[in-house]
Amino acid sequence: MAKIPLKIVSTIVLICFILFPAMGQETEKMEQETESPSKGSTYKNVYLELLGASNLIGVSYDARIKPSSIFGYRAGISYFYGVDYNSNDGHGFSVPLEFNCLLGKKRSKFEAAAGFNLGLYSMKETVYDYWVEGSGDLTIIHPTGQTTKTRNIFGYYVFFNIGYRYQRESGFMFRVGVSPSFNFGDRHGVQKKPILYPYVSFGYTIK
């Protein structure tokens with residue numbers, strides 16, 4: 001099984017140390033500037049997400065960190081399948097983790113979030129065998145066969161969510177927006193295209 005690089009783990013821990021205290025010390029001024037959920041509401045959601053932080057499709061649990069807070073968290077599991085420019089295909093499961101913030105009046109909310117998607121992917125690669133014949137400016141390539149190899153790799157990316165959320169006290173909920181992402185440029189980084197990757201979610205709020 002692929003090992004998670006120390007740099008990724010350290011970054012996740014650092015974000016937790018920075019964001020958790022900030023969330024726990026919300027000021028009264030922020031609560032007055034935005035309409036908070038009704039007293040005692042935690043907005044516990046379970047939803048299906050297409051694209052976005054889930055890459056292809058995933059299921060997530062989302063809730064406020066404490067009753068009436070504008071800050072929350074999300075954890076889920078998602079599935080990926082894709083083909084690269086060399087026609088190599090891959091699939092696997094990953095875990096999107098995020099901290100989010102909801103701002104707005106009544107049921108219509110502006111949603112902003114930041115998080116990590118950490119996954120283990122199985123990649124199938126085709127290697128072509130050949131020998132080269134030639135002299136001078138003339139070169140002839142003779143294919144002799146091909147070999148297919150499968151390997152498991154760890155992959156990650158950092159993502160942001162910017163979008164709209166329809167959020168009720170209970171019942172149907174809906175999300176839509178864009179999810180830009182990046183990595184640290186190392187061999188485990190997953191690159192997604194386009195940069196402004198869209199997402200849409202349908203779910204249910206548990207009262």
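For this structure, a couple of remarks:
- Selection within the range 106-120 - in contact with a Ser or Thr (Cβ under 8 Å, 6 or more places away or on another chain) and not hydrophobic (A, V, I, L, M, F, W, C): N117, G119
- Restricted to the range 155-196, and to residues there that are of a type outside the set (A, V, I, L, M) and touching a Leu at 6+ places or on another chain (Cβ under 6 Å), the residue that is farthest from Y47 (Cα to Cα) is Y156.
- Residues of the range 118-157 that turn out to be in contact (Cβ under 8 Å) with a residue 24 or more places away in the chain and either among the charged types (D, E, K, R) or touching a helix residue (DSSP H, G or I) at 6+ places or on another chain (Cβ under 8 Å) (or both), as a count: 6
- Matching option when the condition is over 20 Å from R165 (Cα atoms), crowded, with 16+ Cβ neighbours inside 10 Å, aromatic (F, W, Y) and in contact (Cβ under 8 Å) with a residue 40 or more places away in the chain, among F71, F99, F80: F80
- Meets criteria (loosely packed, with under 11 Cβ neighbours inside 10 Å and part of a strand (DSSP E or B)) for E125: no
- For the residues G119, G134, the requirement of being in a strand (DSSP E or B) and within 19 Å of the chain's Cα centre (by Cα) singles out G119.
Bear in mind that the values in this text are calculations on the coordinates, not laboratory data. Computed from a prediction, not measured in an experiment: that's the story for all the values here. Here the Cβ is made from the backbone with ideal geometry for all residues, glycine too, and neighbour counts use every protein chain on show.
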